[in-house]
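Report on the following structure.
The values are calculated or read from the model by the stated rules, or taken from the named source; none is laboratory data. Given the structure is predicted, the values throughout are model-derived calculations rather than measurements. Positions of Cβ are generated from backbone atoms using ideal geometry, with glycine treated the same way; all protein chains shown enter the neighbour counts. For the accessible areas, the whole protein counts, side chains as well, though only heavy atoms, and no ligand, DNA or RNA atoms are used. Shrake-Rupley method; radii C 1.70, N 1.55, O 1.52, S 1.80 Å.
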Amino acid sequence: MNNLYTSTRNNQVKISAKDAIRQGFSDDGGLYVFPNFDNVSINIEELKNKSYQDIAQLVLRQLLPDFSDEEINECVSAAYDSSFDTDEITPVTDVDNFHILELFHGPTSAFKDVGLQLLPQLMKHSIADKRVMILTATSGDTGKAALEGFKNSDKIAITVFYPHNGVSKVQQLQMASTDGNNTEVAAIEGNFDDAQSNVKKILNDASLKQELGNNISLSSANSINIGRLIPQIVYYFYSYKKLVENNQIHNGAKVNFSVPTGNFGDVLAGYLAKQLGLPVNKFIVASNENNVLTDFFNSGIYDRNRPFFKTVAPSMDIQISSNFERLLYYKSNGDTAYVKQLMDELEANGKYQVSDELLNSIQEDFYCGYSTDKEIKESIQDVYNEQGYLMDPHTAVGYKVMRDYQKIDDSCPTILLSTASPYKFVKVVAEAILDDNHDNDLQLMKDIQAKTGVDIPKNLANVWNLPILHKDVIKKDDMRDYVKSKVEADLYDKN
C-alpha cells in the first residue's frame, strides 16, 4: 500500500504526509497529492450519530497515515472544540427545496476557518526541529483565517499578501488589526493572481532557501497545502450524514453539491470525499464573471488571457485556479508528464487545451456555470424575500448556478455550500435588501441586522474598534525581499 504523497508534475516524488504539510509545495512546482484511493475509504454506514470531530478523525486517519491516532485526536480537538460558535461546526439549514451547509461559524466568519483552524495543529506535528514561515496569498478570507490560526505559534511565523483595494472593508480591517508576535500583513499593488503567482515563485526559489539557511522552511496556508485541503473533506461527509439523520435521504442515495469557486480548493475537497466513498451525483461549480472555469468546462480550453473583473464576490476574483491542477492529475489517471505539459503551457502562453477524453471524464462529475453581479444581487434579494434566508454574495453565486443546473436535472437533492457571513460583504447585501443605502459599512451592518434579525458575528462587530497594526503596501516585485526581511525579524534568533 502506497501511503506516500507525490507531485502532480513528477510521480517519482515520494514524500510523507508530514513533510508534504511542512513543505506545502513541491520543488518541481507541482502540488502534493495522495496518489491512490484504492485502499482508503469511509464507510458512510458508520457515520451515524458521529460528531463533526469524530468524522474529522476518520478522514484524517485515512489520508494522513504517518500521524498517530493520538496526534490526530489532539489536532482535531484543538481545532474544533472551542473555536466555533456552534457545536455542529458546520450546521445544515433547510431552505425551500435545497439545503445550505453553513461554513461560516468559525472565528473569522468564513469557510476558510474549517481548514485553517486545523492546519496549524497539523503543522506543529510536522515541522520537527525546523522553523517555518507560512506564506499566504488571499483574495480576502484566507488571510484572516490563516493569521488567526497561526498567530503566536511557537517556531512558526506567517506573512499574508492581499490585493490592495481588492478586498471588502471588513476583510481588510480583519487582517490589518491582527495581533500576535509572529504575524505580518502586506497589501500588494496587483490582484490575487499576482499575489498567488509570486508566493508560488518564492516557495520555489532555491536561492532564497539557501539564503535563509537549513533550519528555516517556507510553507503555505493556501489550499495548495494538503494540510489545509484535507480538513475541508470532512464537512461533505458531515452534511450528508445530517440529511440521512433527518430522513431527507436514505444512506447511499446520491446528492449534488453546489460550490462557489475561485481557487477550486473547496470543490476539490468534495471530489476527494467522493473518492473516499461519498455518494455524489454532480459537483456544481459556480464562478463569478471571472469565468475561466465555466469556459473550460464547455470547451476544454483553459485560457486566462482575458480581462480581470473586480466583482461583488471579490473572494472569487481569480483566473488561475491552482487546485484545478490536482483534478487534472486525478482525471488523467496520474499522468504527471501530461499535467506538467499543461502547466508549462499555462505558464508560457496563458492557456492550454485538454484532450476530449479528459474533458468528458471531468464533465461526468462536474457541471460549471457563472453568475453576473446583477444576478448575485437578485439572488440575495429573492432568497431573502421569499425564504427569509440571508446569503453573502459568494453563496449567491452558488445559488444561481445551482438553479441553472436544476433546470437540466433536478433528480437529486442539492446541498449549497455557504462560504461566508453576509456581514463580510455588507455593501452588496445592503444594495440587495435595503431601501436606504450609504457608505458607512458599520451602520450598514446595523441596518441589515435591524431588518433581518440575523445577528452580526462578534468578531465582525468588534473589528471596527481594534487598532490598525499592519499598514504595509508594497509592489508585487518586492514580495521576495519582504518575506526575507520578515523571516529575519520573526524567526532568526528565536527559540
Which residue, of Asp344, Asp356, is modelled with pLDDT of 95 or more, acidic (Asp, Glu), over 19 Å from Asn225 (Cα atoms) and in contact with a strand residue (DSSP E or B) (Cβ under 9 Å, 6 or more places away or on another chain)?
-> Asp344
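To keep it simple, each residue is scored yes or no on (1) in contact (Cβ under 8 Å) with a residue 40 or more places away in the chain; (2) surrounded by fewer than 20 Cβ atoms within 10 Å (Cβ to Cβ); (3) in contact with a helix residue (DSSP H, G or I) (Cβ under 6 Å, 6 or more places away or on another chain).
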site: Lys331; (1), (2), (3): no, no, yes
site: Ala337; (1), (2), (3): no, yes, no
site: Gln341; (1), (2), (3): no, yes, no
site: Leu346; (1), (2), (3): yes, yes, no
site: Lys351; (1), (2), (3): yes, yes, no
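Can you work out which of the residues in the range 74-97 that are touching a strand residue (DSSP E or B) at 6+ places or on another chain (Cβ under 7 Å) and not in a loop (DSSP other than H, G, I, E, B) is farthest from Gly143 (Cα to Cα)?
Looking only at the range 74-97, we keep the residues that are touching a strand residue (DSSP E or B) at 6+ places or on another chain (Cβ under 7 Å), and these are 90-93.
If we keep only those that are not in a loop (DSSP other than H, G, I, E, B) as well, we get 92-93.
Numbers: Val92: 25, Thr93: 27 Å.
Result: Thr93.
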Members of the range 153-179 found to be at pLDDT 95 or above, open to solvent by 20 Å² or more (accessible area, probe 1.4 Å) and part of a loop (DSSP other than H, G, I, E, B), listed by number | His164, Asp179
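Out of Asn214, Asn198, I need the residue that is modelled with pLDDT of 95 or more and open to solvent by 10 Å² or more (accessible area, probe 1.4 Å). Which one? Talk me through it step by step, then tell me what you get.
Working: Asn214 fails: modelled with pLDDT of 95 or more.
Just a single option satisfies the conditions, and that option is Asn198.
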For Gly106, are the conditions met, namely being over 30 Å from Ile249 (Cα atoms) and under 15 Å from the mean Cα position of the chain (by Cα)?
-> no
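Got a sec? Which of Leu278, Leu229, Leu268, Leu272 is out of contact with any strand residue (DSSP E or B) (no Cβ under 6 Å at 6 or more places or on another chain), crowded, with 20+ Cβ neighbours inside 10 Å, closer than 23 Å to Thr311 by Cβ and modelled with pLDDT of 95 or more? Walk me through how you get there before you give the answer.
Working: Leu278 fails: closer than 23 Å to Thr311 by Cβ; Leu229 fails: closer than 23 Å to Thr311 by Cβ; Leu272 fails: closer than 23 Å to Thr311 by Cβ.
Selected residue: Leu268, the only one of Leu278, Leu229, Leu268, Leu272 that is out of contact with any strand residue (DSSP E or B) (no Cβ under 6 Å at 6 or more places or on another chain), crowded, with 20+ Cβ neighbours inside 10 Å, closer than 23 Å to Thr311 by Cβ and modelled with pLDDT of 95 or more.
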Failed condition for Asp436, given (1) farther than 28 Å from Met175 by Cα; (2) open to solvent by less than 70 Å² (accessible area, probe 1.4 Å); (3) free of Cβ contacts under 8 Å to residues at least 40 places away in the same chain, with all others met?
-> (2)
Count of the range 98-127 residues which are in a loop (DSSP other than H, G, I, E, B) and either without any contact (Cβ under 8 Å) to a residue 12 or more places away in the chain or under 28 Å from Leu173 (Cα atoms) (or both) | 8
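If you go through the range 408-432, how many residues are under 23 Å from Gln172 (Cβ atoms) and either in contact (Cβ under 8 Å) with a residue 40 or more places away in the chain or within 25 Å of the chain's Cα centre (by Cα) (or both)? Even if it seems obvious, please write down each step before you answer.
Residues of the range 408-432 under 23 Å from Gln172 (Cβ atoms): 418-432.
Within this subset, residues satisfying the condition of being either in contact (Cβ under 8 Å) with a residue 40 or more places away in the chain or within 25 Å of the chain's Cα centre (by Cα) (or both) are 418-429, 431-432.
Number satisfying all stated conditions: 14.
It is to be established whether one or more residues within the range 396-415 are in contact with a His (Cβ under 8 Å, 6 or more places away or on another chain) and farther than 20 Å from Phe104 by Cα.
Of the residues in the range 396-415, the ones in contact with a His (Cβ under 8 Å, 6 or more places away or on another chain) are 413-415.
Now narrow it down to the ones that are farther than 20 Å from Phe104 by Cα: 413.
Yes: one or more hits.
Tell me, which residue of the range 31-41 that is among the hydrophobic types (A, V, I, L, M, F, W, C) and surrounded by fewer than 20 Cβ atoms within 10 Å (Cβ to Cβ) is modelled with the lowest pLDDT?
At the first step, the residues of the range 31-41 found to be among the hydrophobic types (A, V, I, L, M, F, W, C) are 31, 33-34, 37, 40.
Add one more test, that the residue is surrounded by fewer than 20 Cβ atoms within 10 Å (Cβ to Cβ), and what stays is 37, 40.
Working: Phe37: 93, Val40: 96.
Selected residue: Phe37.
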Residue check, Lys241 more than 30 Å from Asp193 (Cβ to Cβ), modelled with pLDDT of 95 or more and assigned to a helix (DSSP H, G or I) | yes
Tell me, please, whether a residue that is outside any helix (DSSP H, G or I), farther than 26 Å from Ser168 by Cβ, touching a Lys or Arg at 6+ places or on another chain (Cβ under 6 Å) and touching a residue at least 40 places away in the same chain (Cβ under 8 Å) can be found in the range 190-202.
-> no
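Do you know which residues across the range 184-194 are touching a Phe, Trp or Tyr at 6+ places or on another chain (Cβ under 7 Å) and either at pLDDT 95 or above or among the acidic types (Asp, Glu) (or both)? Spell out how you get there, then give the answer.
Here is the first cut: in the range 184-194, the ones touching a Phe, Trp or Tyr at 6+ places or on another chain (Cβ under 7 Å) are 186-188, 191.
Passing the criteria: Ala186, Ala187, Ile188.
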Return yes or no: is Ala56 touching a strand residue (DSSP E or B) at 6+ places or on another chain (Cβ under 6 Å), in a helix (DSSP H, G or I) and either within 21 Å of Pro120 (Cβ to Cβ) or open to solvent by less than 50 Å² (accessible area, probe 1.4 Å) (or both)?
-> no
Only residues that are of a type in the set (A, V, I, L, M) and closer than 13 Å to Pro422 by Cα: list them for the range 360-382, please.
-> Ile376, Ile380
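Checking the condition open to solvent by 10 Å² or more (accessible area, probe 1.4 Å) and on the phi < 0 side of the Ramachandran plot, which residue from Tyr302, Tyr370 passes? Even if it seems obvious, please write down each step before you answer.
Working: Tyr302 fails: open to solvent by 10 Å² or more (accessible area, probe 1.4 Å).
Tyr370 is the lone residue from the list that is open to solvent by 10 Å² or more (accessible area, probe 1.4 Å) and on the phi < 0 side of the Ramachandran plot.
Of the residues that make up the range 375-382, is at least one in contact with a Leu (Cβ under 7 Å, 6 or more places away or on another chain) and among the β-branched types (Val, Ile, Thr)?
Here is the first cut: in the range 375-382, the residues in contact with a Leu (Cβ under 7 Å, 6 or more places away or on another chain) are none.
Looking for residues that are in contact with a Leu (Cβ under 7 Å, 6 or more places away or on another chain) and among the β-branched types (Val, Ile, Thr), one finds none in the range 375-382, hence no.
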Going through the range 235-259 in order, the residues found to be open to solvent by less than 10 Å² (accessible area, probe 1.4 Å) and either of a type in the set (S, T, N, Q) or closer than 27 Å to Gln319 by Cα (or both) are Tyr235, Tyr236, Ser239, Asn256, Phe257, Ser258, Val259
